[in-house]
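Every read-out reported here was derived from the displayed coordinates using simple, explicitly stated rules and does not represent laboratory data. From a predicted model like this one, the values you see are computed outputs, not experimental measurements. Note: ideal-geometry Cβ built from the backbone for every residue, glycine included; neighbour counts use all protein chains shown.
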Amino acid sequence: MQKKYKLSVVVPVYNEEKNLPVFLERTLAVLKKLRCEYEIIFAMDPSRDRTREMILEYRAKNPSIKLLEFSRRFGQPAATLAGIHYCTGDACIIIDADLQDPPELMEAMVEKWQEGYHVAFGQRVSRTGETWVKILVSYVGYWVINRISQVAIPRNTGDFRLISREVIEELRGLKEGHGFLRGLVGFVGFSQVAVPYSRDPRLAGQGNYNRFLGSLTIGFNGIVGFSRYPLQFISLGGLFISFISFLTAIVYIALSLAGVHIPWGNPTLVILISSLSGLQLLSIGIMGEYVGRIYDEVRDRPMYIVSGAHGFQPRAKPVRARRGGRA
Ligand code: UDP
Ligand code: MG
């Protein structure tokens, strides 16, 4: 018999009225089996359907079901972080409401945690119902991220994972809102273990992301947020091109000294100018991306604004973390 513990389940939701009943039924069944104390925190972006009313109805019957509301749609990553900031369990499981992440896997995650791991992440072995575009973007994205970033981010994982109280506290201390939770969890470190599962198609409703752009943005955040490599790449590229043009100049001088007539072709100029201006624009763009991030950090805006908290003690509200400080 394990000692008593409390589990927090954090669920970002947005327009999920169709999935909520089955989600809660399956999740509550697992929690009952685990026989632990629990809380289910729905971190809800303002939804156009009955999601809010339904959660409050469930909450009236079961006070362990809690609701965090935001003043506007801050998006899934911010909602998830808010849930992590507010949760009070000894461990927290992040799971989507659309049942693409099977709640039954929570049992295996808790087992790993009790073995002593701090992070147990769901790793997809199959991805039913996902388009090949999303699978391709994700494959290439992880390949790039893991080659160039300083933090290891396991392939085929989403945010579906269990994190221990220690990891939660470290995440509370970070002040980064770029929405690449996997990367942040990787950054924080601690012992991590994979729990394999097959990812089901969405139970009902449409995914709220533009599949292609959404995956691309997340991948891009992963790269820029966790690597300075693109900046180094620019410098290296610049150096390489300068070296080539220096060599070309020497060749031209040598040839004209040797009395060779060199035809100066338009094509050469056009190619040179266009390739160089392309490279310059790309470099400025990449720099701009980092500068933009510095700007975001300097403004120090909150990642989310909570407009309603149902079921939370006032003290549960985190003091806003300052850069370099603790929450
Ligand atoms: N979600 C959210 N805010 C948003 C979009 C989505 O809280 O702006 C929630 C959504 O309700 C679901 C989870 O985030 O529980 C994952 O969303 P979705 O299934 O659309 O993404 P995908 O499975 O394609 O990654
Ligand atoms: Mg989904």
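Values computed for the structure shown
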item	result
Spatial extent of region 238-306: Rg and Dmax, with the Cα atoms as the point set, Å	21.5, 77
Prolate/oblate/rounded call for the chain, Cα gyration tensor, a/c under 1.5 rounded	prolate
Given 66/134; 18/112; 6/32; 4/61, the pairs whose alpha carbons are separated by over 21 Å	66/134; 18/112; 4/61
Paramagnetic reach from residue 191 in region 152-176 [backbone N under 15 Å; point 7 Å along Cα→Cβ]	163-167
Zero-based 10 Å bins, Cα pair distances in region 52-196, whole percents	10, 37, 38, 14, 1
Mean Cα-pair separation over length for the chain, i.e. relative contact order, pairs under 8 Å, 6 or more apart, %	23 percent
FRET efficiency estimate (nearest 0.05) - Cβ-Cβ, residue 262 to residue 297, R0 56 angstrom	0.60
Extended-chain gain in nm, criterion 0.36 nm per residue less alpha-carbon gap, residue 32 and residue 255	71.9 nm
Additional length obtainable on full extension of the chain from residue 220 to residue 166, 0.36 nm per residue less Cα span	16.7 nm
Protection-proxy order for peptides 285-297, 109-121, 86-98, 250-262, each taking the mean of Cβ atoms within 10 Å per residue, highest first	86-98, 109-121, 285-297, 250-262
Projected label distance in nm at residue 313 and residue 108, using a 7 Å step from Cα toward the beta-carbon	3.5 nm
Label point distance in nm, residue 146-residue 62, each placed 7 Å from Cα along Cα→Cβ	3.6 nm
